[in-house]
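Worksheet: the structure to be examined is printed underneath.
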Amino acid sequence: MTLVDRALDARSVVEAAQRIAPHVRHTPTERSRAISGLAGREVFLKLENLQHTGAFKIRGALNAILQLDPRARAAGVVTASAGNHGQGVAFAARLVGVPACVVLPHGVPLAKLTAIQRAGAETVLADGGYEGAHETARTLARERRMTYVHAFDDDDVIAGQGTLALELVGDADVDTLVVPVGGGGLIAGIALAVEGRRPRPRIIGVQSADASAFAESFGLGHAVERPAATIADGIAVRRPADRTLAIVRRLVDDVITVSDEAIARAIVVLLEHHKLLAEGAGAAALAAVLEANGRVGGTRVAAVISGGNIDPNLLGKVLQQGLASAGRYLAFRTWLDDRPGMLHELTGILAAERINILHVGIHRLGPYAALGRVGLDVIVDTRDRAHADAILALVRARGFAADELLDTTPS
């Protein structure tokens, strides 16, 4: 027995597209010459980071809210969100003139919280992560008699999310769609949207390996709960909905995982080659295209860049991790005899090879130092992983012990 409502089909997505078209942006689908070169095939980017509110979530939220009857509109809507869905509900509610309340988990990025508040929605913070926010929102919906708009376990939301696929396949001829997956609303909607196309493009879902509940549920055939701690907070869902899982198992070819390091590298690639900012969830599909070729397949591949609302406080760390894991800089620790000229000797080795030194930190006290010796942390520019390995080998060959501070080996 399936929980999928058979009335939810490709026609539902077409109707949703007609309903929301006056209010959402038809975002670009662009062929990336640079990324195509890196991936060894044609790569197209569906740029939902350029959507209103900075993410695709406005599509599903608006489709659901536009269909409320007058009494439900007057009572208002409530939702739980890790950020992007809340912004979508707040934006859609303001557009339609509906009161909105968004429940967020404590620790939600401040940028997302303030964006929801600027859109005019009431915000409530709850303990217990997304699941705790969901329970609080359900309670508020009952107490205030408001309509609950689920982030993914809702037919109207699923149909709305799928509208981006109609734009994508209308703008580019592709054989594979690669889609980030959290609770499964986006990929379920996309799968429904293209179900009747001949030939139908392959659909590959992507999760962070550190939030892999949907991928594991897809493989097992039933929903399971797993921890979710990842830089891709927009897809950090501990358990998929039975509704979305049933659609995805019927219509999607595979759901795979990538590492957080791969996601960070994809964020760097988008910034370097296209001057586009993606959040972790938004870059997950591109990470799979660049680094999971054996499982993604295809010769004309579209990656959905689902959002760009990255926490500014996280961005610096993500870029640092992405650059390091791509071998774009090297951080290492060495130890010097505590006597004049030793630092000059080390920096002279690097200067002779025209290696740019970004940072030097000297530790005379604490666990990094010993009697008569000092610890030294060094960060240098590198071209790639091979160049970083060559620098480590050079330093060691000249008699300096050197331990790399970050694991920069691509996963």
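Brief remarks follow.
- For segment 100-150, averaging the sequence separation of C-alpha pairs within contact (under 8 Å, six or more residues apart) and dividing by the residue count gives a relative contact order of 38 percent.
- Computed over the chain, the quotient of the alpha carbon radius of gyration and 2.2 N^0.38 Å is 1.11.
- Close amide-amide hydrogen proximity is noted between residue 256 and 205, 206, 207, each under 5 Å apart and 5 or more residues distant or on a separate chain (H modeled in the peptide plane; Pro and chain starts excluded).
- Debye log10 I(q)/I(0) for segment 102-187, one point scatterer per Cα, at q = 0.11, 0.16, 0.19, 0.24 Å⁻¹: -0.43, -0.80, -0.99, -1.23
- Under 16 Å from the Cα of residue 112 - aspartates and glutamates, other chains or at least 8 residues apart: 122, 233, 279, 311
- Local electrostatic count, residue 288, Cβ distance below 11 Å [Lys/Arg +1, Asp/Glu -1]: -1
- All C-alpha to C-alpha distances of segment 1-88, sorted into 5 Å bins beginning at zero, yield P(r) values of 3, 11, 15, 17, 18, 15, 11, 6, 3, 2, 1 percent in whole numbers.
- Annotation: extensible slack from residue 111 through residue 15 equals 31.3 nm (criterion: 0.36 nm per residue apart, minus Cα-Cα distance).
- Length-normalised contact order of the chain in % [C-alpha pairs under 8 Å, at least 6 apart]: 15 percent
- Candidates 248, 178, 98: whichever shows maximal mean-square fluctuation once the chain is modelled as a Gaussian network with Cα springs under 10 Å: 98
- For segment 57-155, the relative contact order works out to 33 percent when only alpha carbon pairs closer than 8 Å and six or more residues apart are counted.
- Highest GNM mean-square fluctuation among 142, 396, 339, for the chain modelled with Cα contacts below 10 Å: 339.
- Burial ordering of 279, 353, 48, 291, fewest other beta-carbon atoms within 10 Å first: 353, 291, 48, 279
- On full extension, the segment bounded by residue 345 and residue 358 gains 3.0 nm, given 0.36 nm per residue less the C-alpha separation.
- One compactness figure for segment 274-393 is 1.44, namely its Cα radius of gyration divided by 2.2 N^0.38 Å.
- Cα centroid separation, segment 257-304 to segment 58-95 (Å): 30 Å
- Among 208, 306, 325, a tally of other beta-carbon atoms within 10 Å of each Cβ gives an order, fewest to most, of 325, 208, 306.
- Seen from residue 90, the other residues with C-beta closer than 14 Å to its C-beta sum to a net charge of +3, counting Lys and Arg as +1 and Asp and Glu as -1.
- Ranking of 212, 36, 217 by neighbouring Cβ atoms within 10 Å, starting from the fewest: 36, 212, 217.
- Between 0 and 90 degrees, the angle of helix 312-325 with respect to the longest Cα principal axis of the chain falls at about 60 degrees.
- DSSP assigns beta bridges within the chain; of those with both partners inside it, close to 40 percent run antiparallel.
- Potential extension, residue 75-residue 392 segment - 0.36 nm per residue separation minus Cα distance: 107.7 nm
- Förster radius 30 Å - calculated FRET efficiency between residue 195 and residue 138 (Cβ-Cβ, nearest 0.05): 0.45
- Applying 1/(1 + (r/R0)^6) with R0 = 25 Å to the Cβ-Cβ distance of residue 94 and residue 131 gives a FRET efficiency near 0.40.
- Degrees between helix 385-397 axis and first principal axis of the chain (Cα, 0 to 90, nearest 10): 20 degrees
- Mean-square fluctuations from a GNM of the chain, with a 10 angstrom spring cutoff on Cα atoms, peak among 327, 60, 294 at 294.
- Over all directions, the projected convex hull of the C-alpha atoms in segment 57-155 averages 5.3 nm² in area.
Since every read-out is calculated from the coordinates, none of them should be taken as a lab result. Computed from a predicted model, the values in this text were never measured in an experiment. Virtual Cβ from ideal backbone geometry, glycine too; neighbours counted across all protein chains shown.
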